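> My questions all concern the structure below.
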Amino acid sequence: MNHPANQAPDQKLHVAGSAAAAPLATQVWHASYSPGVPQEIDTDTLGSIGDYFERAVTQHGAKRAFVSGATGTTLSYNALDQLSRQVAGYFQNVLKLAPGARVALMMPNLLQYPVCLFGLLRAGYVVVNVNPMYTPRELEHQLKDSGAEAMIVVDMFAHTVQQVRERTALRHIIVTGLADAMPWLKRSIGHFVIRQVRKAVPPYQLPGHVSYLEMLEHGARVGFQPVSVPSDDLAFLQYTGGTTGVSKGAMLSHRNILANARQVQVWCEPFLETDVEQISITAIPLYHVFALGSCLTFAGMGGTNVLVADPRNIPAFIKVLRSYRFVSLPAVNTLFSSLLNDPAFASVDFTALRLAVGGGTAVQRPVAERWQQLTGTPLLEGYGLTECSPTVTINPLHIEAFSGTIGLPVPSTEVSIRSSDGEPLPIGEAGELCVRGPQVMRGYWQRPQETAAVMTADGFLKTGDLAVMDAQGFIRIVDRIKDMILVSGFNVYPNEIEEVAMMHPDVLEAAAVGESIDSAAGERVVLYVARKSDALTQDALIAHCRTQLTAYKVPREVRFLPELPKSNVGKILRRELRDRVTAAPDRQ
């Protein structure tokens, strides 16, 4: 039985990812699976994320669960169990929030995040992940839309909450400091140091707020009474990036999340040594679904997540990488590229690395080839989206080199390449990638029309991505449908142009967008570039592109910027560049 607060008012939920599915027929991609990877997973015994975490505590209690990359502070599974119980007890017996209430988490990759995450989920609450860098407008929208009643926020960003609190449903606010997870003596020193270097952070006034440490103290005193959380209850309202219209909350159930964690686990298990610590470097923010999924995958295996709060500080990030024999490094293309551009990266020990996984945006071949040359490990591109919890496809781990594809559908996942009128297309033809499986969301929170617009009658999610599948089942993303550029009637895909541009040794980052000309010619290609050397000119780069691209695909103009606009996880924002072209072209 679902808690009433877990369902959007007056909305019939799409539950394609929650009902028990019939066994899948053998598909073309199954023959390309790595040895030992099953075609399906068992979704009937998944339970809740709280159950999943408690099994990990029972099996791996003394092992390291999370480590702060910045301070080295460690939480074992046993310690995380105790602390998360205190969080659960506080919300359950002090705040007395009903199960199903939405609670926002607004913090970077700190140890407080998993403590709060597992505590809230064990008590039956719905977690609303919030980007700490949100503007007041963005934060207000997400808090209002989700109806969050409580929030846990790091003090550096509490001033943003102050600006919007009165216009939201927030009744309870817990504020944590960067050093709150350290042992007592280190915490005292840490708070002093942070006060000195953070004087520029705007002060905040949040009457009635409680500190993180007070929350833990109160929670320990009142205790936690375990609750039964059905696997089809909501676990997260995970908001999409809002690249097309208003940001929407994808309703992800406990079953959605755990099915995806299990799908990734069985994909990797044949390649992981069982008698060594499985360390994953978590540099992508945990409020992002890519990092969240990776974190939960390794937690279920008794692995260790090393949290990196600021991966943009490449020298400090490399020092963290030097300190661990890590088996997994999920990241985005721009982060892989930034690491490769620092000579110190070559000193990292890669002997344990098995899973260098690129997601969030397309992995570019020049980056992948440099990665393998330096690390000796292929860069495995995967594909996912918030609405799929997030993973849909991954390259098999037995491949010897970058494939240039997003890989194969993970177990218990069906994909269908469809035409604009919804008809399945044959192998080799490009169309919209559609997905069905236990990881597919229940729908968009309080948005039945938007949910209906992305779901087919037979239960597939329409991703909005153009893709093509080959005879072995490997899928290649052609591009986002909305990003496609129409040049004199020909379809031009930005990914292809960007990959060619990145082949030039003086190109650091590249993004291609379309600029409207007229109704007859359609658009022309404009290439935005961040360059390694000011000696690179527009003419030289266009000449380079002509050697690799047919004439209509060649950029007509190159515009140089010091840095391309990116999301918080490092995804280049073509949308902002398109707006820039339309509003005020900065011609060179």
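> Restricting attention to region 346-393, which residues are hydrophobic (A, V, I, L, M, F, W, C), within 17 Å of Ser280 (Cα to Cα) and assigned to a helix (DSSP H, G or I)?
Scanning region 346-393 gives no hits.
> Scan region 366-384 residue by residue and report those that are free of Cβ contacts under 8 Å to residues at least 60 places away in the same chain, open to solvent by 10 Å² or more (accessible area, probe 1.4 Å), of a type outside the set (Lys, Arg) and in contact with a helix residue (DSSP H, G or I) (Cβ under 8 Å, 6 or more places away or on another chain).
Result: Leu374, Thr377, Pro378, Glu381.
> Restricting attention to region 530-572, which residues are modelled with pLDDT of 90 or more, surrounded by 17 or more Cβ atoms within 10 Å (Cβ to Cβ) and part of a loop (DSSP other than H, G, I, E, B)?
Leu536, Val554, Pro555, Leu564
> Look through region 476-500, keep the residues that are touching a helix residue (DSSP H, G or I) at 6+ places or on another chain (Cβ under 8 Å) and β-branched (Val, Ile, Thr), and return whichever of them is most open to solvent (accessible area, probe 1.4 Å).
Ile477
> Do we have any residue at all in region 106-122 that's on the phi > 0 side of the Ramachandran plot and touching a residue at least 60 places away in the same chain (Cβ under 8 Å)?
no
> Could you identify the single residue in Leu170, Leu111 that is closer than 23 Å to Ala283 by Cβ, at pLDDT 95 or above, in contact with a Leu (Cβ under 8 Å, 6 or more places away or on another chain) and open to solvent by less than 40 Å² (accessible area, probe 1.4 Å)?
Every option except Leu111 fails the conditions.
> Among the residues of region 348-358, count how many are open to solvent by 10 Å² or more (accessible area, probe 1.4 Å) and either in contact with a Cys (Cβ under 6 Å, 6 or more places away or on another chain) or under 23 Å from Thr463 (Cα atoms) (or both).
Residues flagged as open to solvent by 10 Å² or more (accessible area, probe 1.4 Å) and either in contact with a Cys (Cβ under 6 Å, 6 or more places away or on another chain) or under 23 Å from Thr463 (Cα atoms) (or both) within region 348-358 amount to 1.
> Before we move on, is Pro330 under 15 Å from the mean Cα position of the chain (by Cα) and either in a strand (DSSP E or B) or free of Cβ contacts under 8 Å to residues at least 12 places away in the same chain (or both)?
yes
> Could we say that Gly303 is open to solvent by less than 20 Å² (accessible area, probe 1.4 Å), among the small types (Gly, Ala, Ser) and at pLDDT 95 or above here?
It is true that Gly303 is open to solvent by less than 20 Å² (accessible area, probe 1.4 Å), among the small types (Gly, Ala, Ser) and at pLDDT 95 or above.
> Let me ask another. Looking only at region 131-158, count how many residues are at pLDDT 95 or above and either assigned to a loop (DSSP other than H, G, I, E, B) or open to solvent by 40 Å² or more (accessible area, probe 1.4 Å) (or both).
Qualifying residue count, region 131-158: 4.
> OK, next. Tell me which residues, restricted to region 342-385, are modelled with pLDDT under 95 and over 24 Å from Tyr493 (Cα atoms).
Of everything in region 342-385, nothing turns out to be modelled with pLDDT under 95 and over 24 Å from Tyr493 (Cα atoms).
> Check Gly47, Gly100 and return the single one that is more than 21 Å from Ala181 (Cα to Cα) and open to solvent by less than 10 Å² (accessible area, probe 1.4 Å).
The match here is Gly100.
> Another question, then. If you take the residues of region 389-434 that are out of contact with any Lys or Arg (no Cβ under 6 Å at 6 or more places or on another chain), under 12 Å from Val468 (Cα atoms) and among the β-branched types (Val, Ile, Thr), which of them is surrounded by the fewest Cβ atoms within 10 Å (Cβ to Cβ)?
Ile427
> Can I ask one more? Here is a check on your reading of the model: is Leu83 among the aliphatic types (A, V, I, L, M) and buried (at least 21 other Cβ atoms within 10 Å of the Cβ)?
Answer is yes for this residue.
> Could I ask something else about it? Of everything in region 442-463 that's touching a Cys at 6+ places or on another chain (Cβ under 7 Å) and part of a loop (DSSP other than H, G, I, E, B), which residue is surrounded by the fewest Cβ atoms within 10 Å (Cβ to Cβ)?
Thr456
> Can you find, within region 405-422, the residue that is farthest from Val37 (Cα to Cα) among those that are at pLDDT below 95 and not polar (S, T, N, Q)?
Asp421
The values are calculated or read from the model by the stated rules, or taken from the named source; none is laboratory data. None of the values given here were measured: they were computed from a predicted structure. Glycine gets a Cβ as well: all are built from the backbone with ideal geometry, and neighbour counts include every protein chain shown. Ligands, DNA and RNA are stripped out before the accessible areas are found, and what is left, the full protein with its side chains, is counted by its heavy atoms. Shrake-Rupley method; radii C 1.70, N 1.55, O 1.52, S 1.80 Å.
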